[in-house]
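Please read the structure below before turning to the comments.
FYI, it's all coordinate maths here, none of it is from the lab. Remember, it's a predicted structure, so these values are computed and weren't measured experimentally. Glycine also receives a Cβ, built like all others from the backbone with ideal geometry; neighbour counts cover every protein chain displayed.
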Amino acid sequence: MPALDSVRLNPTDSIVILTGAGISQESGLDTFRCAGGIWSKVDLEDVATPQGFARDPDLVHRFYNDRRRGLLDPAIQPNAAHAALAALERGWRGNLLLVTQNIDDLHERAGSTAPLHMHGELLKAVCLRCGTVSDCRDDLSVHDLCLSCGRKGGMRPDVVWFGEMPHHMDRIQAALEDCDLFLSIGTSGHVYPAAGFVAEARAGGAHTVELNLEPSEGVSRFDAAIHGPATALVPAFVAELLAL
Ligand code: APR
């Protein structure tokens, strides 16, 4: 695997992995910015900002209800790339942190035990009145009551919208400073702070690799890049790591 040829990595080294919508594309979930992607069909200002939710909560609930039903379709299953990352977690002897921008649960269903969902989770809801986060596998609406505080009208998807602070940033930043390998999979490198992780990892001395269908906006910031479908690249890359 060319991305590792000239790199001294040890089996006890620390790895941080960042995934984006591209790792779930071959499972049948849409990406955001590829041709025909989600943001070509709906205006993110309307459905992925607090202002959009305040303006028209029903529209936002319909958008996420459609995506939640899609994710729960039995035809949507984790793919070989998700499975390879779960195998890496089981076989890697060093520290391994999986950070995902995705709000799907395909990493968990493939066997990854603790992915950090920096943009939240589609299968969770949060009450704006009391802050309680709960599982959510059904449609949400403005008429729903919070099962914790009993109040109505405050339930929203537990998804981080544009302009809101992503989750787990302290933990992510600490891991980036300390890691020996930063691996970015299936992301366009368009949205910060995730798009800046590669620079933070490099500043800490990590070797940085992009695995993506095509060169991302941030490809020049990586030490190495391999382009192709995640279901081909990720299992091969994981096999190289586990053979160290
Ligand atoms: N294998 C590997 N990479 C792929 C595949 C595939 N099968 N299919 C698509 N890709 C790549 C595309 O080339 C693209 O670079 O995945 C990337 C997906 O980019 P985006 O659609 O921008 O998704 P992402 O980078 O995850 O978006 C980041 O933006 O809208 C917000 O919150 C949303 O988390 C999302 C964030």
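For segment 200-242, the relative contact order works out to 33 percent when only alpha carbon pairs closer than 8 Å and six or more residues apart are counted.
Across the chain, the relative contact order, built from alpha-carbon pairs under 8 Å that are at least six residues apart, equals 24 percent. Max-minus-min Cα coordinates of the chain on each principal axis give 57, 34, 31 Å, with the largest extent listed first.
For segment 1-77, the alpha carbon positions stretch 53, 31, 25 Å along the principal axes, listed from largest to smallest. Amide H contacts of Gly120 (H built 1.01 Å from N, in plane; Pro and chain starts excluded): Val160, His167 sit under 5 Å, all sequence-distant by 5 or more or on other chains. Mean residue ellipticity at 222 nm, helices only, the chain: -8500 deg cm²/dmol; runs of at least 4 DSSP H residues each add -39,500 (n - 2.57), and the sum is divided by the number of residues. Only the Cβ atoms of Lys and Arg (+1) and of Asp and Glu (-1) were treated as charged; on that basis the dipole of segment 81-228 about its Cα centre amounts to roughly 360 debye. Listed as lacking a disulfide-compatible partner in the chain: Cys34, Cys136, Cys179, by the criterion of no other cysteine Cβ under 4.7 Å. Summing Cβ point charges (Lys, Arg +1; Asp, Glu -1) relative to the Cα centre of segment 148-244 gives a dipole of roughly 540 debye. Here the Kirkwood formula puts the hydrodynamic radius of segment 17-131 at 15.4 Å, using every distinct Cα pair. The convex hull around the C-alpha trace of segment 68-151, projected and averaged over every direction, spans 6.6 square nanometres.
Selection among Ala114, Gly20, Ala230 by position relative to the dipole of the chain gives Ala114 as farthest towards the positive end (Cβ unit charges, Cα centre).
Computed packing ranks the peptides 11-24, 111-124 as 11-24, 111-124, most packed first, by mean other Cβ atoms within 10 Å.
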